[in-house]
Every structure is written in C-alpha cells, then in structure tokens.
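Accompanying notes for the structure given below.
Since every read-out is calculated from the coordinates, none of them should be taken as a lab result. What you see is a predicted model; the values in this text were computed from it and never measured. Glycine gets a Cβ as well: all are built from the backbone with ideal geometry, and neighbour counts include every protein chain shown.
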Amino acid sequence: MKRYGMVIGLKPEKIEEYKKLHAAVWPDVLEMIAQCNIRNYSIYLRRLPDGCHYLFSYFEYTGRDFDADMAVMAADPTTQKWWAVCMPCQEPLKDRAEGQWWAAMEEVFHTD
C-alpha cells in the first residue's frame, strides 16, 4: 500500500458548488475509485494566509500498477463527465509537475 497526498487550488466562487458535488458523489465514480484500488480517500479544504483556498487530498493505493489503474480511471466515460464538472472549480498550482492536475506532495511523516 502506498499513501498519496495531493494539493490544488479551489476558486473562491466555486467553493459551495464543489462542496455540493462532493456531498453527493456519483455512485459510478465511487465504484471506479474502488475498482482502481484507491482506499481511504479524503479531501480537505483550507484557506491559507495567502488568501487562496486549497484542496488537500489523501488516499491509499493498494494495487500493483498505479499508472495503469489511473489510465483505466481516466478512460471511464462517467469519470470523464465527473471531472468535467469538478475541474472548472479547481485552480491547478503553477509549479505542478508536467501532466499533473493535482500537485503531488511529499510525505515527510507517518505513524500507524
């Protein structure tokens, strides 16, 4: 199992819409997340001192090939529709790695 932390900006005018979307995530999207070996998935919202709002996500990946599982998810038509409604709410970080939407974070501590 590998733990992942990610961060992305959230447009202030889209906060309530984003919360509403995630209060009722489409069942097929949740099923795809599970099918792609993602467990214990959480998203947190915080306004930081720079005045911007950020989403911080955490999940655990239990599969054997992360890139292949993420390709399956990205090819799913329902997931594509879900992303199409969520992505306009988000503001990707300018310094994210090429090909990333959410910027990966480095794990510096963990305890069970």
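If R0 is 22 Å, the Cβ-Cβ spacing of His110 and Gln35 corresponds to a FRET efficiency of close to 0.30. Each residue of region 78-90 was assigned a 3J(HN,Hα) from its phi angle through the Karplus curve 6.51 cos²θ - 1.76 cosθ + 1.60 (θ = phi - 60°); the sequence is 5, 4, 4, 5, 4, 4, 5, 8, 7, 4, x, 7, 9 Hz, with glycine and proline shown as x.
Here is the size of the chain from its Cα atoms: Rg then Dmax, 14.2, 39 Å. Restricting the trypsin sites (Lys or Arg not before Pro) of region 34-99 to loop positions (DSSP other than H, G, I, E, B) with no more than 13 neighbouring Cβ atoms within 10 Å leaves Arg64, Lys94.
With the cut-off at under 11 Å, measuring from each backbone N in region 86-105 to a point 7 Å along the Cα-to-Cβ line of Met70 picks out 97-105. In this label model, Ser42 and Tyr58 are separated by 0.4 nm, measuring between points 7 Å along each Cα→Cβ vector. Note down the relative contact order for region 2-105 as a percent, whole number, built from C-alpha pairs under 8 angstrom at least six residues apart. Value for region 2-105: 43 percent.
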